[in-house]
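The values are calculated or read from the model by the stated rules, or taken from the named source; none is laboratory data. Keep in mind the model is a prediction, meaning the values are calculated, not measured. When we count neighbours, we look across all protein chains shown, and the Cβ atoms used for this are built from the backbone with ideal geometry, even at glycine.
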Amino acid sequence: MTDFIVEHHKEADYVEVAPWTVFFDASVCRHGCGISRMIILPRGACFELAYTIKPYQTNNQAKYEALIKGLELVKEIGAEAVEIMGDSQLIIKQLSREYECRDDILKTYHEAAKGLLEDFKLITLTHIPREQNTEANSLAQGASGTDR
């Protein structure tokens, strides 16, 4: 068996890597900030994570924080491919390099997210309408204490 693996190891590159899907969202209010991630494993199991964090100045900062926490989690688990889904057009387009990140504060989050993405073999970035991100949105609002 060992000889077979050694002889055919190059063929293993053709095995498709199944992505882990990360939905992210955040909700900011004056009482706190809720972030959420919904992580879907390649075989379909779904985990919803939401909690309150320190208040942020902007919703974009909080959404980047939610994405970074989701990427850290799937990286720690050992995922090789990630599909990122979020209703923040700004964040998705900044990470796909369609938009330049010019805000000094957001640059810190942007660089952290880009650094995490370097660890994955396959990355898909998809902007989705808010209506398709309802579960992550509801989790974030519940964690922040808002009910917009």
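Among the conditions (1) surrounded by fewer than 19 Cβ atoms within 10 Å (Cβ to Cβ); (2) closer than 19 Å to SER36 by Cβ, the only one that TYR99 does not satisfy is (2). When restricted to residues that are crowded, with 19+ Cβ neighbours inside 10 Å, among the hydroxyl-bearing types (Ser, Thr, Tyr) and touching a strand residue (DSSP E or B) at 6+ places or on another chain (Cβ under 8 Å), region 57-68 contains 0.
When LEU67, LEU41 are checked against the criterion of being under 14 Å from LEU117 (Cα atoms) and either of a type in the set (A, V, I, L, M, F, W, C) or without any contact (Cβ under 8 Å) to a residue 24 or more places away in the chain (or both), LEU67 stands alone in meeting it.
For region 39-62, taking the residues that are part of a loop (DSSP other than H, G, I, E, B) and not small (Gly, Ala, Ser), the one that is farthest from THR108 (Cα to Cα) is identified as ARG43.
Scanning region 1-54 for residues that are loosely packed, with under 10 Cβ neighbours inside 10 Å, over 17 Å from the mean Cα position of the chain (by Cα) and modelled with pLDDT of 70 or more gives ARG43, LYS54.
For region 74-88, the condition of being touching a strand residue (DSSP E or B) at 6+ places or on another chain (Cβ under 8 Å), modelled with pLDDT under 95 and in a helix (DSSP H, G or I) holds for at least one residue.
Considering LEU71, LEU116, the condition of being of a type in the set (A, V, I, L, M), modelled with pLDDT of 90 or more and surrounded by fewer than 21 Cβ atoms within 10 Å (Cβ to Cβ) is satisfied by LEU116 alone.
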